[in-house]
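Since the structure comes first, as C-alpha cells, the remarks are kept for the end.
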Amino acid sequence: TMEKKKTIFCDIDGTLFKYRKFETYKSSKPKVLPGAKEMINKWIGAGHQIVLTTARPEDMRDHTIKELKEAGIKWTAGRLIMGIERGERYVINDMDPNKPGRRAFGINLPRDLGLADPDWAVYGL
C-alpha cells in the first residue's frame, strides 16, 4: 500500500527564522535557521503538506510571504495561517482503530535551534 502523506504544521519565527520582535520585521531581514530550508523543502519534495503557522498579524501576510520566498522556504499553497495565539498550541486528531500508533505528534524545539539537529525519524519524518 502507498504510504499516506503527512501534514506538518510548522511555526515560522524561532523555528524557521531566528526569533525577532514584531516591530522589527519590516526593518530587519530574517535569518534562516540551520536546516530549516533543507528540511521543509525535503518534506515538500516527499509530497507532504506543509502548513506554516504564525502569530504575525494578518496585515503582515504579504511581507511574510515575501520573506519566505526570498529565503527559499516552501509551503503548500494556501496553507499559511496568520494571527494564531502566542500561547500553547495543540494538535487534536482521532486514531484509526484498525491501525496501531499515534496519529498526532507535538514537537517542541528550543527557540532558534532550527530543524537541523532533531532526529526526525523518531516521528516518522
Six or more apart or on different chains, Cβ under 6 Å: which pairs go from a residue in segment 99-118 that's within 16 Å of residue 10 (Cα to Cα) to one that's outside any loop (DSSP other than H, G, I, E, B) and of a type in the set (Gly, Ala, Ser)? Could you list them?
114/36; 115/36
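Specify the residue that is modelled with the lowest pLDDT; the eligible residues are those in segment 26-55 that are basic (Lys, Arg) and either open to solvent by less than 40 Å² (accessible area, probe 1.4 Å) or assigned to a loop (DSSP other than H, G, I, E, B) (or both).
Here is the first cut: in segment 26-55, the residues basic (Lys, Arg) are 26, 29, 31, 37, 42.
Applying the additional criterion that residues be either open to solvent by less than 40 Å² (accessible area, probe 1.4 Å) or assigned to a loop (DSSP other than H, G, I, E, B) (or both) yields 26, 29, 31.
Numbers: 26: 84, 29: 93, 31: 97.
Filtering segment 26-55 for residues that are basic (Lys, Arg) and either open to solvent by less than 40 Å² (accessible area, probe 1.4 Å) or assigned to a loop (DSSP other than H, G, I, E, B) (or both), the one modelled with the lowest pLDDT comes out as 26.
If you check residue 98 against the conditions, is it part of a loop (DSSP other than H, G, I, E, B) and within 18 Å of residue 18 (Cα to Cα)? Write out each step before concluding.
Values: part of a loop (DSSP other than H, G, I, E, B): yes; within 18 Å of residue 18 (Cα to Cα): no.
Against the criterion (part of a loop (DSSP other than H, G, I, E, B) and within 18 Å of residue 18 (Cα to Cα)), residue 98 does not qualify.
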Every residue in segment 69-94 that is within 12 Å of residue 55 (Cα to Cα), open to solvent by less than 80 Å² (accessible area, probe 1.4 Å) and assigned to a loop (DSSP other than H, G, I, E, B), please.
82, 83, 84, 87
Examine segment 112-123 for a residue that is surrounded by 10 or more Cβ atoms within 10 Å (Cβ to Cβ), modelled with pLDDT of 95 or more and outside any loop (DSSP other than H, G, I, E, B), and state whether such a residue exists.
no
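The values are calculated or read from the model by the stated rules, or taken from the named source; none is laboratory data. Note that the coordinates shown come from a computational prediction; the quantities given were computed from them, not determined experimentally. Cβ coordinates were reconstructed from backbone atoms using ideal geometry, including for glycine residues, and neighbour counts include every protein chain displayed. We work out accessible area using only protein heavy atoms, side chains counted, and drop any ligands, DNA or RNA first. Shrake-Rupley method; radii C 1.70, N 1.55, O 1.52, S 1.80 Å.
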